[in-house]
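Quick notes on the structure that follows.
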Amino acid sequence: MFLALKELKHAKLRYTLMSIIIVLIAWLVFILSGLGNGLSTLSAAAVKNLDADYVVYEDGAKATFSKSLISNSLVDDVKKNKDVKDATPFGASMAAISHGKKDEEKTDIAVLGINPGEFIEPKVIEGKQLDPDVKNGVLANDTLKDKGYKIGDEVQVDSSTIKLKIIGFVEGETYNHLPVLFSNVDQWRDYAFAAPGSNNGIKDVVNAIVVQAPDLDPAQLDKSINGIETVTKSAAINGMPGYMEENGTILMMLAFLIVISAFVIAVFFYVITIQKTQQFGVMKAIGASSGFITKAIVSQVFVLSVIGILIGVALTYLTALIFPENMPFDLDGKLVVLYGIALLVISLLSSLISVRQIAKIDPLTALGRVE
Amino acid sequence: MNGLQIKNVTKTYKEGNSSITALNHASMDVKPGEFVAIVGPSGSGKSTLLSIVGALLKPTSGTVNINDKEVTNLSSKALSKFRLQEIGFILQSSNLIPYLSVVDQLILVKKMTGKVTKEDQEKAKKLLTELGLGDKLKKYPNELSGGERQRVAIARSLMNDSNVILADEPTASLDSKRAHEVVKLIADEVKKRNKAAIMVTHDERMLAYCDKVYKMEDGTLTLQK
């Protein structure tokens, strides 16, 4: 630390530039992961929020809600399994709503059909929970407030005669990037299967059954009931259209960014170390071990990286403040700590290349010439 | 036996199929309090000898003893510790650490051994004051003259209380007035602190300060004075 700090103080410009590079890399990593996280939340938050372990689909649906149609009567069959604590139907459809005025801009939403009072119903932040006696009552995601919707509004569902009544607001519920309306499953069915025959002739049709069962053996459940396939909740999230592709793109960008930054940092520290070969030769001649010099370099990299990453975090949160409201930016503390540590480890590892070079420095260089 | 003994030290380098003898059975004794000079043209092997004595280079054959310890037997890991404790190097003028203040140059030597105590701080200041640098303690090498830099190097070589001082062309980049001052200072400190000292130089004017002068020519060491 002694050498590291003295040198940082002495060569301020050089090391300021060096830490600016680390700041920029950290900033980019955090912004990108925040955006990626925001995007994937937007894409599947409503499914992620389900307090469940497994989802039961129609056999062949490949864990996609829109490809799956099963009968509500299977809920009772699923509940008969001894490992299942609770099960409830789930339906999802895309729709557009408006206040029904002329020339009004319509709003895209997702209608999710659930049974009132079941374990997957989210808590309202305003208004009332779903009520079986108010068939057309819905819980709306609070982002719809910005579009001028409020409690008590009767909204017109596009291309149908159905009117829904907003009775409560919930928070952070999106599905396929769209704000969610939670509705009674019967009301949802009236909308989604209004066309004759669209329910494939299945009585009381739903898209899937959401199951609470921590110790369930899904293969065994599939065997006991005909025509279903059971997957974990995370498989259900991955089965959302576009979810894997979106996440894959973001992850790929992050991975490349991290690999490239490892190289950039390594090269900079390597060049700085090479410049100091003569000095290190002198130190070795007067008795410094390679370990002593290594400690000086690694602690220098540590100090620079920690400062750089902390500034990067601060900049990220400042940038998040000036992002437009509808930009899907979501950076949780755990992720910041995780990526921060990852960056620190990467820059420490990349400094090891320089350390290898130190071991090779011959103290004879200090004598100015080798005969 | 204290001091420094060099016995029959030979160093040969392989160059292609032939081998070059840089040192040919060199022997000398340096007692504590004795200041010895080695002169000779460049390429004669005097720096090779200094490197071997300074535990920087292994000889092909022969032995070097410092305070009854045989340097040539030490492992390469033990060598850096040996250099730190037993040898004070005075290198050419450019060999101070650019980002350390004068007093920190000396503290660095103590840092290499572990913790730095209050006494070490006091000792560094005392040494520098004795060598006439009392008002330059916080200066950096680029703010010092060549002579002052070399005095810092002398103070650094004394910091670890080693018994042997090795000086490699200490006057290389100095004008003759400064060169005389620096070599006289080394001679005085060697006497005062009872060190065994070797100086490699090709500056014949400096030999007046030395007790013995050896001449090195084509790897062969001969006593001149």
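The single condition among (1) small (Gly, Ala, Ser); (2) surrounded by fewer than 22 Cβ atoms within 10 Å (Cβ to Cβ); (3) outside any loop (DSSP other than H, G, I, E, B) that residue B:26 does not meet is (2).
In region B:12-22 there is no residue that is surrounded by fewer than 16 Cβ atoms within 10 Å (Cβ to Cβ), more than 14 Å from every other protein chain (Cβ to nearest Cβ), assigned to a helix (DSSP H, G or I) and not charged (D, E, K, R). Scanning region A:67-77 for any residue that is among the hydrophobic types (A, V, I, L, M, F, W, C), more than 16 Å from residue A:173 (Cα to Cα), assigned to a helix (DSSP H, G or I) and modelled with pLDDT of 90 or more turns up at least one such residue.
Please determine, by comparing only the residues of region A:198-256 that are of a type in the set (A, V, I, L, M, F, W, C) and within 15 Å of residue A:39 (Cα to Cα), which one is surrounded by the most Cβ atoms within 10 Å (Cβ to Cβ). Per the criteria, the residue is A:240. Of the helices (runs of 4 or more DSSP H) lying entirely inside region B:76-190, those carrying at least 3 residues that are within 11 Å of chain A (Cβ to nearest Cβ), open to solvent by less than 60 Å² (accessible area, probe 1.4 Å) and in contact (Cβ under 8 Å) with a residue 24 or more places away in the chain are B:76-86, B:102-113, B:146-159. Of all residues in region A:1-26, those satisfying the criterion of being of a type outside the set (Lys, Arg), facing chain B (nearest Cβ under 10 Å) and free of Cβ contacts under 8 Å to residues at least 24 places away in the same chain are A:10, A:11. Hey, any hits in region B:6-22 for a residue that's modelled with pLDDT of 90 or more and under 18 Å from residue B:194 (Cα atoms)? Checked against the condition, which is being modelled with pLDDT of 90 or more and under 18 Å from residue B:194 (Cα atoms), region B:6-22 yields no hits at all.
The values are calculated or read from the model by the stated rules, or taken from the named source; none is laboratory data. Because the structure is a prediction, the values reported are computed rather than measured. Positions of Cβ are generated from backbone atoms using ideal geometry, with glycine treated the same way; all protein chains shown enter the neighbour counts. Surface accessibility is based on the protein's heavy atoms, side chains included, excluding ligands, DNA and RNA. Shrake-Rupley method; radii C 1.70, N 1.55, O 1.52, S 1.80 Å.
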